[in-house]
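The values are calculated or read from the model by the stated rules, or taken from the named source; none is laboratory data. Keep in mind it's a predicted model, so treat the numbers as computed, not measured. Positions of Cβ are backbone-derived with ideal geometry, glycine not excepted, and every protein chain shown enters the neighbour counts.
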Amino acid sequence: MESDDSSTTSSCPPTMDFPLHGGERMEGVYHEVTYLSPVPMKGSLTVTNYRIYFRSTHTSAQPPLILDVPLGFAARVEKVGGQRTAREGAYGLEIACKDIRSLRFALSKTDPRKDVFETLRRKFNEGRDYRFDDGWRVYDPVSEYRRQGLPNEAWKISRINENYEICDSYPRILGVPSGATDEELREVAKFRSRGRFPVLSWMDPESLATICRCAQPLVGVGGNRNRTDELYVQMIMDANAQSHRIWIMDARPKVNAMANILYGGGYENEDFYDNAELVFLDIHNIHTMRVSLRKVRDVSFPVIDDGRWLSNVDNTHWLDHLSSILSGAVRIAGKVENSKTSVIVHCSDGWDRTSQLTALTMLMLDPYFRSVTGFQVLIEKEWLSFGHKFAHRIGHGEDKPNDNDRSPVFLQFIDCVCRSGYRMMEGSEHHLDSTTT
């Protein structure tokens with residue numbers, strides 16, 4: 001990027017104050033920038049292919065302020081003010097972040113704001129240009145299943161999805177009941193949304209009670225049933241000799257599950273599934289959560305009347321939603337730990353609310369997942385390998401801040417971990433600082 005302005009340079013060698021990560025490169029350095037906080041601070045703004053980095057000017061009376069923001073955090077970048085009409089301090093850029101921060105930077109009117117804006121927008125949209133070292137070797141599905149005690153008399157490790165032919169959003173290696181044949185698994189997959197049939201997430205090493213996950217059954221307005229699916233759920237229940245009951249935890253509000261019948265989905269009819277009990281956990285969908293986070297952001301930025309702050313926070317319903325998620329996970333954990341019963345968890349497609357619930361429950365029940373490595377395995381297992389749509393939900397590399405596929409599903413999971421962490425993480429290797437997103 002070229003400019004005649006002495007306050008801007010197109011490149012800059014790394015310094016002790018700004019060490020570059022491996023593969024990271026400078027895109028631009030802009031001086032005489034003011035960060036518009038309650039106490040405005042002047043400094044320099046650096047853009048790389050991975051992040052933006054603001055460092056305020058150091059003074060003897062005040063240590064420098066540092067803002068280090070990965071490009072993937074940015075939801076939107078906009079120009080603020082204009083050359084002729086903007087009041088002093090309002091000519092610059094605003095960066096709305098996915099963690100609800102709103103960062104405003106003022107530029108002097110002689111600075112080439114267009115160049116800064118285009119650089120930032122281009123790099124935000126090219127966020128996938130930067131890669132960390134390969135981290136896919138942390139989780140090995142066979143090793144994790146063996147850690148849980150598979151294979152055994154009741155459960156086996158199946159490679160039926162080796163080529164993703166049964167379900168393109170499931171992992172290649174799955175834990176399934178030992179008595180289930182490949183033909184039966186294929187038949188059950190046909191009756192579940194997007195082929196996401198019930199498979200093992202976690203097994204209690206002592207009671208052999210299990211947590212399985214899947215998607216909604218394709219009941220539809222015709223009230224379809226699938227006897228192979230019913231038999232398969234019976235197999236999951238029978239694999240746990242300590243209980244003759246199984247719980248099906250549907251993450252959705254019942255009214256939403258009923259509405260899905262009109263689109264070919266639905267929920268299990270307890271009359272067809274012997275000894276199965278269906279519970280709706282009343283966790284709302286991605287669209288409701290997106291609106292809730294937007295309200296949280298609006299409450300936080302700009303500052304509002306303190307007298308109404310608590311009521312405005314309450315009206316976002318963000319804490320209500322977190323409570324529903326945590327309550328659902330606690331309920332599942334109670335059935336497995338205290339009642340020694342197996343649980344099947346699903347929502348509509350089984351990759352948003354289902355991942356929240358299974359991951360939180362496993363974090364509560366298994367201390368391994370509260371270690372640093374275990375927490376990494378948990379995320380890669382229950383979120384990545386089971387098809388959570390990170391790119392769509394978070395919007396990495398997409399200049400579509402109003403995309404209806406965006407939703408803070410994983411952010412809610414991290415928030416739940418943080419809020420419950422003071423109990424779950426006590427005495428463990430995992431630390432709350434690790435949950436910074």
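Got a number for residues in the range 146-179 being of a type in the set (A, V, I, L, M) and either farther than 19 Å from GLN234 by Cα or surrounded by fewer than 17 Cβ atoms within 10 Å (Cβ to Cβ) (or both)? Lay out the reasoning, then the answer.
To start, the set of residues in the range 146-179 that are of a type in the set (A, V, I, L, M) comprises 150, 154, 157, 160, 166, 173-174, 176.
Pick out the ones that are also either farther than 19 Å from GLN234 by Cα or surrounded by fewer than 17 Cβ atoms within 10 Å (Cβ to Cβ) (or both) and you get 150, 157, 160, 166, 173.
Qualifying residue count for the region: 5.
Output the residues belonging to the range 141-195 that are closer than 17 Å to LEU384 by Cβ, without any contact (Cβ under 8 Å) to a residue 12 or more places away in the chain and either outside the structural domain of GLU206 (by TED's automatic domain parsing) or outside any loop (DSSP other than H, G, I, E, B) (or both).
Correct list: SER143 only.
Rundown of residues vs (1) of a type in the set (A, V, I, L, M, F, W, C); (2) at pLDDT below 80, yes/no style:
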{"residue": "ASP4", "(1), (2)": "no, yes"}
{"residue": "SER10", "(1), (2)": "no, yes"}
{"residue": "PRO13", "(1), (2)": "no, yes"}
{"residue": "GLU24", "(1), (2)": "no, no"}
{"residue": "VAL29", "(1), (2)": "yes, no"}
{"residue": "GLU32", "(1), (2)": "no, no"}
{"residue": "LYS42", "(1), (2)": "no, no"}
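Can we say ASP182 is among the charged types (D, E, K, R) and surrounded by 16 or more Cβ atoms within 10 Å (Cβ to Cβ)? Walk me through how you get there before you give the answer.
Details: among the charged types (D, E, K, R): yes; surrounded by 16 or more Cβ atoms within 10 Å (Cβ to Cβ): no.
Against the criterion (among the charged types (D, E, K, R) and surrounded by 16 or more Cβ atoms within 10 Å (Cβ to Cβ)), ASP182 does not qualify.
Are there any pairs, at least 6 apart or on different chains, whose C-beta atoms fall under 6 Å, with the first in the range 268-282 and in the same structural domain as MET237 (by TED's automatic domain parsing) and polar (S, T, N, Q) and the second at pLDDT 95 or above and surrounded by 15 or more Cβ atoms within 10 Å (Cβ to Cβ), and if so, which?
ASN275/ARG245
Return only the number of the condition from (1) under 25 Å from ALA359 (Cα atoms); (2) of a type outside the set (Val, Ile, Thr); (3) modelled with pLDDT of 95 or more; (4) surrounded by fewer than 14 Cβ atoms within 10 Å (Cβ to Cβ) that TYR263 does not satisfy.
Unmet condition: (1).
Taking the range 25-44 only, how many residues are in a strand (DSSP E or B) and either among the hydrophobic types (A, V, I, L, M, F, W, C) or not assigned by TED's automatic domain parsing to the domain that holds LEU103 (or both)? Let's see the steps before the verdict.
The first filter runs over the range 25-44 and keeps only residues in a strand (DSSP E or B), leaving 26-35, 41-44.
Filter once more, keeping what is either among the hydrophobic types (A, V, I, L, M, F, W, C) or not assigned by TED's automatic domain parsing to the domain that holds LEU103 (or both): 26, 29, 33, 41.
Total satisfying the criteria: 4.
So which of LEU322, LEU365, LEU384 is closer than 30 Å to GLN242 by Cα and either out of contact with any helix residue (DSSP H, G or I) (no Cβ under 6 Å at 6 or more places or on another chain) or surrounded by fewer than 22 Cβ atoms within 10 Å (Cβ to Cβ) (or both)? Full working, then the answer.
Working: LEU322 fails: closer than 30 Å to GLN242 by Cα; LEU384 fails: closer than 30 Å to GLN242 by Cα.
Within the list LEU322, LEU365, LEU384, the selection yields LEU365.
Search the range 45-84 for residues being over 24 Å from LYS98 (Cβ atoms) and part of a strand (DSSP E or B), and hand back the single one that is farthest from the chain's Cα centre (by Cα).
THR59
Pull up the range 222-236, narrow it to residues that are farther than 26 Å from SER324 by Cβ and out of contact with any Phe, Trp or Tyr (no Cβ under 9 Å at 6 or more places or on another chain), then point me to the one that is surrounded by the fewest Cβ atoms within 10 Å (Cβ to Cβ).
Result: GLY222.
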